[in-house]
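The values are calculated or read from the model by the stated rules, or taken from the named source; none is laboratory data. Keep in mind that what you see is a predicted model, and the values were worked out from it rather than measured. Cβ sites come from the backbone with ideal geometry, for glycine too, and all protein chains shown count toward neighbours. Accessible surface areas use protein heavy atoms only, side chains included; no ligands, DNA or RNA. Shrake-Rupley method; radii C 1.70, N 1.55, O 1.52, S 1.80 Å.
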Amino acid sequence: MKLRYEASTIHFIQPQLSHVSGGSIYNSEIVKRLEQSARGKGFFHTLNSPITELIERFNALPASCTFVLDGLYFTIPEFKASVNKFSPYFQQIYLMLHYLESRNIYYSNQEKEALWISEKLWLKAVNEIIVPSLQMQDYLSSQGIEKDKITVAFPGIEKVQVSRLSHPKKLFEKEPINLITVGTFSQGKGQLDLVKMLAQMQVKNFRLHLIGDYEQNASYTEEIFGIIERSRLQDWIILHGYLPQQAMFDLFSQCDLYLSPSTYESYSMATAEAVVHGLPVLAYATGAIVDWIEDGSNGILIEPGKQEQFFKALTRLLTVPNELTQLQTNALAHIANLSFNSWDKTYRDFLQAFNKD
């Protein structure tokens, strides 16, 4: 049966990525439900396509339509600089903000300030902003964006059957401690920093599983490969590339510790998925990670940018098995105290942005 769309259809516009990210999974789940309920449609608009193509799409649709734009477009200088060209449509534009480039700690303060100036123009101009975490809502509010125009819709995180949880096991001296981290290879995700740390380790009682697309940033990946080869860590560090979700979950159940070396997250879906699988976490305290990890109980939290502290914590967990075992036991018990959205609940929260008076 062909679905009939109302004139007030929600048009969800996003870039078509060649890799899977938390943001793209989120968008896919929302668009699927928009189309199933005939509330909206999804459209792809290439990141570097001319701005005029997007404006032509806006012009061709009824004025009663609303547009959801993925905030990833803000990473394109031409798009950010085109704010005046979109002024006739601001009452129709809703922003889906998964990522804010100006929060990246690898930029200098001057660079971050310049990025924020252009981002803020858009954030103040659009009708509504949808974000995946309370932390992002609070940050935007602290920077002068009206809190009432920011809707929080947490991502959906599936519950895990007890039989698929990562259960604590006795860690023997000769058996490797299995570490895992998930994310598209990039400076912000911190895989290079993590590999450098492991190359400095005096002990080699670990096996690191790196999950995520590594073809997007070739030079970054080459640097990682170079360190692995020079440090002769080929048997200790495994680059899996992108894995389907179920294969990733199967690997979670075989691992002992989840690592999040990412220095900036708006939410961190991969870390949440590790938590619901019963894994303890060593992470920088960014995004919503602080909502699920109790420092010293089911994981260890490090202030973003404090690489030496991250290194020391990782060294301790690799050399003091009893401490890691206790974190594992606590992580499994902690699951009962956590509550995550289903994707249906995320969708209902998402729609709240369009129901405001």
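Keeping to the range 71-85, report how many residues are under 23 Å from Ser266 (Cα atoms) and open to solvent by less than 50 Å² (accessible area, probe 1.4 Å).
Within the range 71-85, residues that are under 23 Å from Ser266 (Cα atoms) and open to solvent by less than 50 Å² (accessible area, probe 1.4 Å) number 8.
Give the residues of the range 325-335 that are out of contact with any Gly (no Cβ under 7 Å at 6 or more places or on another chain) and over 22 Å from Tyr267 (Cβ atoms), sorted by residue number.
Thr325, Gln326, Gln328, Thr329, Asn330, Ala333
Pull up the range 96-141, narrow it to residues that are over 21 Å from the mean Cα position of the chain (by Cα) and aliphatic (A, V, I, L, M), then point me to the one that is surrounded by the most Cβ atoms within 10 Å (Cβ to Cβ).
Val126
So which residues in the range 44-70 are open to solvent by less than 50 Å² (accessible area, probe 1.4 Å) and of a type in the set (D, E, K, R), if there are any at all?
Asp70
Please work out which residue is surrounded by the most Cβ atoms within 10 Å (Cβ to Cβ), limiting yourself to the range 286-297 and to residues that are closer than 18 Å to Val131 by Cα and among the small types (Gly, Ala, Ser).
Gly287
Can you spot a residue in the range 20-42 that is assigned to a strand (DSSP E or B), more than 17 Å from Thr346 (Cα to Cα) and open to solvent by less than 20 Å² (accessible area, probe 1.4 Å)?
No: the range 20-42 contains no residue that is assigned to a strand (DSSP E or B), more than 17 Å from Thr346 (Cα to Cα) and open to solvent by less than 20 Å² (accessible area, probe 1.4 Å).
Closer than 19 Å to Thr271 by Cβ and buried (at least 19 other Cβ atoms within 10 Å of the Cβ): which single residue out of Leu314, Leu338 fits that description?
Exactly one of Leu314, Leu338 is closer than 19 Å to Thr271 by Cβ and buried (at least 19 other Cβ atoms within 10 Å of the Cβ), namely Leu314.
One residue is enough: does the range 48-71 have a residue meeting the conditions over 30 Å from Tyr284 (Cβ atoms), free of Cβ contacts under 8 Å to residues at least 12 places away in the same chain and among the charged types (D, E, K, R)?
yes
Between residues in the range 72-86 that are over 22 Å from Ser24 (Cβ atoms) and residues that are assigned to a helix (DSSP H, G or I) and open to solvent by 50 Å² or more (accessible area, probe 1.4 Å), which pairs lie under 8 Å by C-beta distance while being six or more apart or on different chains?
Val83/Leu121
Could you tell me how many of the residues in the range 19-42 are without any contact (Cβ under 8 Å) to a residue 60 or more places away in the chain and touching an Asp or Glu at 6+ places or on another chain (Cβ under 8 Å)?
The qualifying residues number 3.
May I ask you to list the residues in the range 201-212 that are open to solvent by 60 Å² or more (accessible area, probe 1.4 Å) and under 26 Å from the mean Cα position of the chain (by Cα)?
The answer is Arg207, and nothing else.
Please go through the range 235-255 and give me each residue that is over 23 Å from the mean Cα position of the chain (by Cα) and surrounded by 11 or more Cβ atoms within 10 Å (Cβ to Cβ), ordered by number.
If the condition is that a residue be over 23 Å from the mean Cα position of the chain (by Cα) and surrounded by 11 or more Cβ atoms within 10 Å (Cβ to Cβ), then Trp236 is the only one that fits.
Looking at Ile51, Ile76, Ile55, which one is in contact with a Ser or Thr (Cβ under 7 Å, 6 or more places away or on another chain) and farther than 22 Å from Phe350 by Cα?
On inspection, the qualifying residue turns out to be Ile51.
Would you point out the residue of the range 213-234, among those that are open to solvent by 10 Å² or more (accessible area, probe 1.4 Å) and not in a helix (DSSP H, G or I), that is nearest to Gly22 (Cα to Cα)?
Asp213
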